[in-house]
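Input: a single structure, listed below in structure tokens.
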Amino acid sequence: ETRQHTLIVVKPDGYARGLTGEVIRRIERKGYKVVALKLMQASKELLTAHYTELVERPFFPDIVEYMTSGPVVAMVVEGDRVIEGMRVIMGPTDPTVAPAGTIRGDLGRDWNSGNIENIVHGSDCPENAEREIGLWFPELTA
Ligand code: DAT
Ligand code: MG
């Protein structure tokens, strides 16, 4: 059984720039399935739980400011090895060095005043995927 679920979030820059459809298009073109989706405003409390390993980093306040700067589109995406596969489709964290062909490489802009704005979040391992889906979609797992 290699079918997995991952949490994908189109971040405020991606939503504001009208790239939600482009992100979903790339997900679906790969053969993955969007099984839950909502437009929402992320709270500081949610982001603190979500980015639990980054809370102590000096740039954490910048992440919260960025991620609460506008609506986001949260999705649960299903597919064969989708956690790893979405990380490949997204590309690495910094859009400047993300390869062409990836979401971050093709669509992400340069660092914005020291802040990384990189269009999209995707869970990085099965444990975090399950944890993050529970945080962002409590109504699905309750
Ligand atoms: P990823 O989103 O590729 O999984 P991550 O989990 O290490 O990367 O970091 C989460 C987010 O935090 C990332 O998308 C952007 C921001 N971030 C990471 N490192 C940063 C840094 N050095 N300066 C500013 N923002 C950073
Ligand atoms: Mg991460």
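The values are calculated or read from the model by the stated rules, or taken from the named source; none is laboratory data. Note that the structure is predicted; figures quoted are calculated from it, not measured. Methodologically, a virtual Cβ is constructed for each residue, glycine included, from the backbone with ideal geometry; neighbour enumeration extends over all protein chains shown. Heads up: the accessible areas ignore ligands, DNA and RNA and are worked out on the full protein's heavy atoms, side chains in. Shrake-Rupley method; radii C 1.70, N 1.55, O 1.52, S 1.80 Å.
Annotations
- Order of exposure, largest accessible area first, which applies to R25, R131 with probe 1.4 Å: R25, R131
- Of the solvent-accessible surface of the chain, computed with a 1.4 Å probe over protein heavy atoms with every protein chain present, carbon and sulfur atoms account for 52 percent.
- Accessible area per residue (1.4 Å probe, heavy atoms of protein chains only) ranks H121, H5 as H5, H121, with the largest value leading.
- Mean separation of Cα contacts under 8 Å, 6 or more apart, over the residue count of segment 1-103: relative contact order %: 46 percent
- Cut-off under 5 Å, modelled amide H: who pairs with S123 long-range: L7
- Whole-angstrom gap from segment 42-120 to segment 1-27, using each part's C-alpha centre: 10 Å
- At a probe radius of 1.4 angstrom, the accessible area of the chain per residue rounds to 52 square angstrom.
- Placing a label point 7 Å from the Cα of E78 along the Cα-to-Cβ line, the residues of segment 15-44 whose backbone N sits under 16 Å from it are 28, 31-38.
- For the chain, the extents of the C-alpha atoms along the principal axes are 42, 36, 24 Å, listed from largest to smallest.
- At full extension, D62 and S43 could sit 5.5 nm farther apart than now, given 0.36 nm per residue minus the alpha carbon distance.
- Near S69, no amide H atom lies under 5 Å from its own; only residues 5 or more places off or on other chains count, and H is placed 1.01 Å from N.
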